[in-house]
Structures are given as C-alpha cells and as structure tokens.
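Right, one structure below, let's go through it.
The values are calculated or read from the model by the stated rules, or taken from the named source; none is laboratory data. Since we're looking at a predicted model, the values are computed, not measured. All Cβ positions, glycine included, derive from the backbone under ideal geometry; neighbour counts span all protein chains shown. What goes into the accessible areas is simple: the full protein's heavy atoms, side chains included, and nothing from ligands, DNA or RNA. Shrake-Rupley method; radii C 1.70, N 1.55, O 1.52, S 1.80 Å.
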Amino acid sequence: MGEDAESPKINHTFLRDYVTEADVISTVEFNQTGDLLATGDKGGRVVIFQRETEVSLQWDSGEYNVYSTFQSHEPDFDYLKSVEIEEKINKIRWLPQQNAAHFLLSTNDKTIKLWKVSERDKRPEGYNLKDEEGRLKDTSTITSLQVPVLKPTDLMVEVRPRRVFSNGHTYHVNSISVNSDGETYLSADDLRINMWHLGITDRSFNIVDIKPANMEDLTEVITAAEFHPQHCHLFVYSSSKGTLRLCDMRASALCDKHTKLFEEPEDPGNRSFFSEIISSVSDVKFSHSGRYLLTRDYLTAKVWDINMDKGPVETYQVHEYLRSKLCSLYENDCIFDKFECVWNSSDSVIMTGAYNSFFRMFDRETGRGVTLEAWRESSKPRAVLRTRRVYTGGKRRRGDVGVDSLDFTKKILHMAWHPSENIIAIAATNNLYIFQDRVNPETQAQ
C-alpha cells in the first residue's frame, strides 16, 4: 500500500490522517481456529480476513488477506421513541464450525444477525428447462433429457443472513456470547441479559433484569457479559460499579440473585469525585481454562479467581500516570472510553489498550508489563515492535513520551489474540494491525 511516487502534488499525509467516522473499527474477533479474523466498523460493515496458507516461508504464516466484505447493519429509526439506531457493529462472535461453512453473529445497538459464510467453486450446467443464460426454454423444443453436471468455476465467497434476532432489547446491546452448548447465546444491554436459541428468532428468555421499578432508583448498569467456556450453565456479567456477578442457571431461571459476587473493597484514602467512573468495568473475559476472570476498568486490569470472591488475585496498572489528569479526561469525555482486554492462548499473558496508539502486555508469572506502539512504521513486513515508555519523573530516557504529549484521540480500544498462537490483532481507529511473535517460530508450530 505504498504511495504513488509520481504524484508529489497530493498531500498523502493528509489523506492518511483523514478518517471518516464510518471507517473506525469497533470490534475485532478471531474464529476458533484463528484462520479467519472479522472486524466490524461504525459504518455497519463487516470485513473478514483469511490467513494466507499458500506461502513458501514459515515466517509469513501470520499474513491475513481480505476474504469477504459485507454490509451487516443499516441505520434505522425507532419511531416509537423517535431515536436513530446507529449501524455501528458493537460485537462479533464466531460460532464453532460444524461443516464447511462458517457462521458468525453480529450486533448493533438493537438487532443481532446470524450470517453464513460459505465458498462456491462449482456451478451446475446442462439444465433441461433453462438455457445457458438462465432463461426458460420453450418446452416444445426439448427433444432429449440430460443430466446436469457441476463445472469448476472461480472461487466465490457468499455471505447470507440466516437469522435476524430483533425486538429483544429496549436498551443498547453491549455484549453477545455464544454458549459452549453450541445452541444458545446471550445478549446483554444496560439493564437486561437475554438468552436466545440460535434457531428461534421471535422470542428469547430474560435471565437477568436489574431494572428498578422506579428508574430514579437506578444505581448501576450492566457493562459486559460472557458465558463460561466449558460450563453451559454459568455466565458472568460486570457492572458500572466495578462488581462482577457469577450466575448459575441451574439455581434459577431468572438469575437476578447471583451465585457469587466479586468486588474489591474501596480504599477510603483514594476516594474522589471520579472514583465510581474509573471503577466501572468496561470488559470481562473468562480465561481459556475457565478458572479466572480478566476485567478492565479505566486505570487497571485485574485477574480474579472464580473460587475467591474477596478481591482480585492480580492487579496491573495500565496507565496510573493518568490519575492526575482525570479532571481534563472527564471534560473531554475520554474517562468514559471502554477498553477491552484479552488473554493469550495459555492464559499466561494479558493484553489491553491505552492512548497514543499504545497497548500493554503483562506477564502473569513475573508481573512485568511492557508498553508497545501500533503505528505505521511497525506495520512494515518483518518490522520489530518498539517498546515505549511514558515519562512520569526521574531520569528521562531517549524516546520517552511525556504525559502531556499523549494523543488521546489515538486510542486502542479493541483487540483480539489468536486462539492458539502468538498472533495479535489491534484496531487503531480505521487501521488494523496484525503482529506475530517471530522469536521462535518452531515452538509455535508444535
């Protein structure tokens, strides 16, 4: 994607930096094998990338190319409430693959859709009642019958909507999660969580409802929800108060009463006007083993053991240096940004985003964190990711970035980690960066 060297009059820097709102990536998700990667944007489009397999060098095994692009959602209007419904894709979730086709769920604020992605490389020929252009023949001209045959043709990727799940949510959908039973999934909005059967679109079962009788008594909202990776009866949801609730559907059909409540006691010494805002959990993820929960609030990432509800077992400071900037971050609304967090395939490393195109990784064994930058220079083939450091005091090193120099418009909110390899996908506004650990490719192949 290099620029045309013969057109010096065009301001390419301006063209690169000009981003339309519709092109901003709003979700990223690998499928179960990691061979497909789907992104959704604020314009309602879904772009699917496929991993390149026909390569001669193992070094290039992390290359992904565009596989299919389609319009998932269109802008809509709620005439009852007189509000516009954005086409922005909030979440994408892949279903476990059962046959040659792939299925994925995509949702905007109100409507969830099930899509079938399939390939076609043959087409039938030799119809009796149709000619080669598909027009019906005059039956009086047919003198013999022939058996239609399948002829090879150019590969075509077809994406078709199979189900539309609508009218299930009054408020904005923030999460969808496919159950381990492969038949059901949950969807969560600000006040309710519904469970759907993948084959039934006209009804869902409400499993959590925290809406008070009087909306003036509302004290918290649901921010994220996810099913347990192995146990189909367990799910967790997070709230704007910084709490996690683990629910067991075997205990009750309506899970308003949680099985376990995970909450960290607040330090009275750190209490401030912004305490409740920055403690709101923006994302929650089960580990692949199902033993731990990873959460992200504004300043920290935390790991919880589902057998210990007294507090997190690990806390990682993502950008503690912003604590002194909370007032200005409140004024420019950045304090309400919702950062996602992900596990690596072995649950030994966690990753989450920050500002200035930075994202952070933490090794759980050593507790060490590293700050990396997603920018164009690092997206060149075989380029090495640079570690960065935010200068907060003491001796300043070359290349350090001052807190006052951080660009809060360049935020890394959405990311995904390959389910079995050290390949990560980072969404930075309208750019998708895919990085691969190439230190020891032999160990990745094992």
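Numbers at a glance
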| item | result |
| --- | --- |
| At R0 = 30 Å, FRET efficiency that the Cβ-Cβ distance of His172 and Glu266 yields, to 0.05 | 0.60 |
| Accessible surface, 1.4 Å probe, highest first, among residues Thr143, Thr259, Thr429 | Thr143, Thr259, Thr429 |
| Charge-dipole axis of region 300-409 as Lys and Arg at +1 and Asp and Glu at -1 on Cβ define it, positive-most pick from Ser345, Gly367, Thr315 | Gly367 |
| Residue-level accessible surface for Glu74, protein heavy atoms, 1.4 Å, Å² | 120 |
| Amide H contacts of Val284 (H built 1.01 Å from N, under 5 Å, at least 5 apart or other chain) | none |
| Residue list for region 76-100, given a label point 7 angstrom along the Cα-to-Cβ vector of Ser420 and an amide N cut-off under 17 Å | 95-100 |
| Label-reachable residues, region 233-257, where backbone N falls under 11 Å from a point 7 Å from Asp309's Cα toward its Cβ | 244-248, 257 |
| Spin-label pair Lys122/Gln230, simplified geometry with 7 Å Cα→Cβ offset, distance in nm | 4.1 |
| Accessible area of Met308 in the full protein assembly, 1.4 Å probe (Å², nearest 10) | 100 |
| Reachable lysines, given that their alpha-carbon falls under 24 Å from the alpha-carbon of Lys122 and they are not under 8 places away in the same chain | Lys130, Lys137, Lys151 |
| Segment Ser345-Ala383, length gained on full extension (0.36 nm per residue, minus Cα span) | 11.3 nm |
| Cα-based reach from Lys241 at 22 Å (exclusive), listing lysines while leaving out same-chain residues under 8 positions away | Lys211, Lys257, Lys260, Lys285, Lys302, Lys310, Lys325, Lys338 |
| Residue-by-residue Karplus 3J(HN,Hα) for region 33-39, coefficients 6.51, -1.76, 1.60, Hz, glycine and proline x | 8, x, 7, 10, 10, 10, 10 |
| Sequence-distant residues sharing a close amide H with Asn431 (under 5 Å, placed H) | Ile25 |
| Phi to ³J(HN,Hα) by Karplus 6.51 cos²θ - 1.76 cosθ + 1.60 over region 74-81, Hz, x for Gly, Pro | 10, x, 9, 9, 8, 6, 5, 9 |
| Cα pair distances of the chain binned at 20 Å [whole percent] | 22, 54, 20, 4, 0 |
| Using a Förster distance of 22 Å, the FRET efficiency for Ser252-Lys338 (Cβ separation, nearest 0.05) | 0.15 |
| Residue-averaged [θ]222 nm for the chain, counting only DSSP H segments that reach four residues, each worth -39500 (n - 2.57) | -1000 deg cm²/dmol |
| Inter-site label distance for Lys410 and Lys137 at 7 Å from Cα along Cβ, in nm | 6.5 |
| Per residue solvent-accessible surface (Å²) - region 151-259, probe of 1.4 Å | 50 |
| Separation of the Ile277 and Glu216 label points, Cα + 7 Å toward Cβ, nm | 2.5 |
| By accessible area with a 1.4 Å probe, ligands and nucleic acids excluded, highest first: order of Phe165, Phe103 | Phe103, Phe165 |
| Linear extension gain, Lys81 paired with Asp154, 0.36 nm per residue minus alpha-carbon span | 21.5 nm |
| Proximal aspartates and glutamates to Lys116, defined as alpha-carbon separation beneath 15 angstrom and excluding residues fewer than eight positions away on the same chain | Glu158 |
| Estimated FRET transfer efficiency when R0 is 56 angstrom, pair Asp181-Thr20 (beta carbons, to 0.05) | 0.90 |
